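The values are calculated or read from the model by the stated rules, or taken from the named source; none is laboratory data. Since the model is a prediction, treat every value here as computed from it, not as a measurement. Using ideal geometry, Cβ is built from the backbone for each residue, glycine included, and neighbour counts are taken over all protein chains shown.
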């Protein structure tokens, strides 16, 4: 039973303020605050060692009110707010159109709960005008509106001052309820045949400093909703897919049906093809990369991010098969990127990609690396003899390597270069050296050790090597996470499920890793067995 109940008009901002105060008071060990944690926090005993955070305080408040989590609590408050607002909603039609179209922040966010609540309270909204019919994919409704006034195909209106085609292409219903796809395509066809512009859209301010970007109808269809048939229809009516958004976002899936439609149209220009190529490297999608390369993408195109596809493939630790594809299609490893001026040989070395260096050598490319680059490359290849020879001839190179040791050790641990990690350790890089910057792409915090990296990336051999070298197993990263917590998360909440095994968890537990902050069951039975057994042994 919950300790507290929500008032008639709950205010989420007030609860956020209360959570901050509770976290502060508990941190100061005030008895009342600590008592609330003991009553309502499911892992209160584990907090003593790791410290109380705002997230912990929010969880306490949510559970005091009978909700399992803060997001569930916050969602209920928003739902209650909307229910009350619906009772005397002054403009249900425009409000519906606002909540049934894309979020202005992240266009792929947002559900249909609020829109459905409005329709339930005001069912007449669904047939109010051509814009609501378009948002719902109601082809009959759209045709009925056009039969009365054909100019509605291009008339702008509603809360966003969009035309009907724009409302349709940026509808949350089309993105979420894919069973309605045929209705959306039929409604779009009716609009296009009545004169709607396939290149319609809207302007949005993005970035800092702010700039305007075109959000085109085909971006809504191809990049957000990933609707192949609507994308094909828009292309048939002359839509231009070479805006800034469509090529970038169409790559964000492993279902390449929409990408095939765009490629088959032959409408994508060299810049758009290069954008998709780089984005497929971001997504580690070898099948998608093969499609775009087969369609003529230039792997040597220097993108707006100042990298070619081969550069990006190295930055993202793609598997060797993707880099081989790029090389097969003419990628030039001698080209330098515009970020730090390194070429693919140098990037491969500093990212610990001994396998790629060997592949380039096998293909007859000459690396021509000197100085520190040559020393790092020797380490990436796991060639300790060459590394020692180079550093003996120029001792200052070893000094420079050791100065960046934490970064190199982490970078080598990422792709699982165990031989390279061992080489760096043998040269004197401390096993507990930290990676100051971390890597946001891989969700690796600042001040991570290589052990954090290897545990999160499920590189089990590297985990064992680093434990043997004396890396502290309970050291937190910049977000307070231990290697064990990351190893568990790698097994239960990561994209690299192909490497999911209990090996790293077992190795860390054997080395004395603290089990604090890990809830059972985790979602992976093999590590649940290990954790349960270890907790019982330590009890």
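Within the stretch 74-121, work out how many residues are at pLDDT 90 or above, farther than 23 Å from residue 11 by Cβ and out of contact with any helix residue (DSSP H, G or I) (no Cβ under 8 Å at 6 or more places or on another chain).
4
I'd like the full set of residues that are without any contact (Cβ under 8 Å) to a residue 40 or more places away in the chain and in contact with a strand residue (DSSP E or B) (Cβ under 8 Å, 6 or more places away or on another chain), limited to the stretch 401-418. Break it down stepwise before answering.
Step one: list which residues in the stretch 401-418 are without any contact (Cβ under 8 Å) to a residue 40 or more places away in the chain, which gives 401-405, 407.
Selection gives 407 alone.
Here's a check for you: in the stretch 119-150, which residue that is free of Cβ contacts under 8 Å to residues at least 12 places away in the same chain and not in a loop (DSSP other than H, G, I, E, B) is nearest to the chain's Cα centre (by Cα)? Can you show your working first?
First, the residues of the stretch 119-150 that are free of Cβ contacts under 8 Å to residues at least 12 places away in the same chain: 120, 123-124, 140, 144, 147-149.
Subsequent filtering for residues that are not in a loop (DSSP other than H, G, I, E, B) retains 120, 123-124, 140, 144, 147-148.
Working: 120: 34, 123: 37, 124: 39, 140: 38, 144: 42, 147: 45, 148: 46 Å.
In this case the residue turns out to be 120.
Out of the stretch 183-204, which residues are within 30 Å of the chain's Cα centre (by Cα) and part of a helix (DSSP H, G or I)?
184, 185
Answer yes or no: is there a residue in the stretch 168-177 that is surrounded by fewer than 16 Cβ atoms within 10 Å (Cβ to Cβ) and without any contact (Cβ under 8 Å) to a residue 24 or more places away in the chain.
Checked the stretch 168-177: no residue is surrounded by fewer than 16 Cβ atoms within 10 Å (Cβ to Cβ) and without any contact (Cβ under 8 Å) to a residue 24 or more places away in the chain.
Restricting attention to the stretch 518-539, report how many residues are more than 13 Å from residue 491 (Cα to Cα) and surrounded by fewer than 17 Cβ atoms within 10 Å (Cβ to Cβ).
Of the residues in that region, 10 qualify.
Being modelled with pLDDT of 95 or more, outside any helix (DSSP H, G or I), surrounded by fewer than 22 Cβ atoms within 10 Å (Cβ to Cβ) and not assigned by TED's automatic domain parsing to the domain that holds residue 445 narrows it down to one residue among 397, 369; which is it?
Within the list 397, 369, the selection yields 369.
Among 239, 309, which is buried (at least 24 other Cβ atoms within 10 Å of the Cβ), touching a residue at least 24 places away in the same chain (Cβ under 8 Å) and over 24 Å from the mean Cα position of the chain (by Cα)? Reasoning before the result, please.
Working: 309 fails: over 24 Å from the mean Cα position of the chain (by Cα).
After ruling out the rest, the residue left standing is 239.
Pick from 282, 264: which is closer than 30 Å to residue 170 by Cβ and without any contact (Cβ under 8 Å) to a residue 24 or more places away in the chain?
From the options 282, 264, the qualifying one is 264.
Any residue at all in the stretch 439-453 that is touching a helix residue (DSSP H, G or I) at 6+ places or on another chain (Cβ under 6 Å), within 19 Å of residue 43 (Cβ to Cβ) and at pLDDT 95 or above?
No, because not a single residue in the stretch 439-453 is touching a helix residue (DSSP H, G or I) at 6+ places or on another chain (Cβ under 6 Å), within 19 Å of residue 43 (Cβ to Cβ) and at pLDDT 95 or above.
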